[in-house]
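**Q** Handing you this structure, nothing more for now.
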Amino acid sequence: MFPGVIVKLGERELEVPPLSLGQIKRLSKEVGTLQVLRPGDAIDPGMLDMFLSVVHAALSRNYTDVTKEWLEDVVDLGNMVEVVNAVMNVSGFVQGVQRTTGEQASRLTGTGSTPILSPVLGGPGNT
């Protein structure tokens, strides 16, 4: 197992390892998009696929049984930010999408001074 950050998904506690260099190379567009999200940015269905691809890639290093389909069922708007930030932070990218509470940012980064960002879902009628 690669060391990482523990995240609870469904009934499982999973250790989210950093993305490998090969994964970062293959997912450079997705990782780049996650790095530049700002408060109020719309998150469309294509971005949700990016989130899932990045999270799945990281988790697949430690859990070959984790599928994108399973992630679609256990990742929701309540835990999406935590999961994506776990991957981005443990991989060495300091900015991902952050919850709007300092407590959540502190748990993931060890500091309450992390910039706080919040996703806004976009789509028909929500842009």
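**Q** Which one is surrounded by the fewest Cβ atoms within 10 Å (Cβ to Cβ), of the residues in the stretch 42-88 that are in contact with a Ser or Thr (Cβ under 8 Å, 6 or more places away or on another chain) and farther than 23 Å from Glu11 by Cα?
**A** Once the filter is applied, the top-ranked residue is Ala42.
**Q** Among the helices (runs of 4 or more DSSP H) confined wholly to the stretch 21-127, which include 2 or more residues that are modelled with pLDDT of 90 or more?
**A** Here the list reads 21-26, 28-35, 45-60, 68-74, 80-90.
**Q** Hey, can you tell me all the residues within the stretch 1-20 that are without any contact (Cβ under 8 Å) to a residue 40 or more places away in the chain and part of a loop (DSSP other than H, G, I, E, B)?
**A** Passing the criteria: Pro3, Glu11.
**Q** Among the residues that make up the stretch 10-32, is at least one of them closer than 18 Å to Leu77 by Cβ and within 13 Å of the chain's Cα centre (by Cα)?
**A** Within the stretch 10-32, not a single residue is closer than 18 Å to Leu77 by Cβ and within 13 Å of the chain's Cα centre (by Cα).
**Q** I'm checking my understanding of the structure. Among residues of the stretch 16-41 that are among the β-branched types (Val, Ile, Thr) and surrounded by 15 or more Cβ atoms within 10 Å (Cβ to Cβ), which one is farthest from Gly4 (Cα to Cα)?
**A** Thr33
**Q** So the check is Cβ under 9 Å with 6+ separation or different chains; which pairs have a first residue in the stretch 34-51 that's among the β-branched types (Val, Ile, Thr) and a second one that's at pLDDT 90 or above?
**A** Every condition considered, the pairs that remain are Ile43/Phe51.
The values are calculated or read from the model by the stated rules, or taken from the named source; none is laboratory data. All figures in this text were calculated on a predicted structure; none of them were measured in a lab. In this analysis, Cβ positions are derived from the backbone assuming ideal geometry, glycine residues included, and neighbour counts consider all displayed protein chains.
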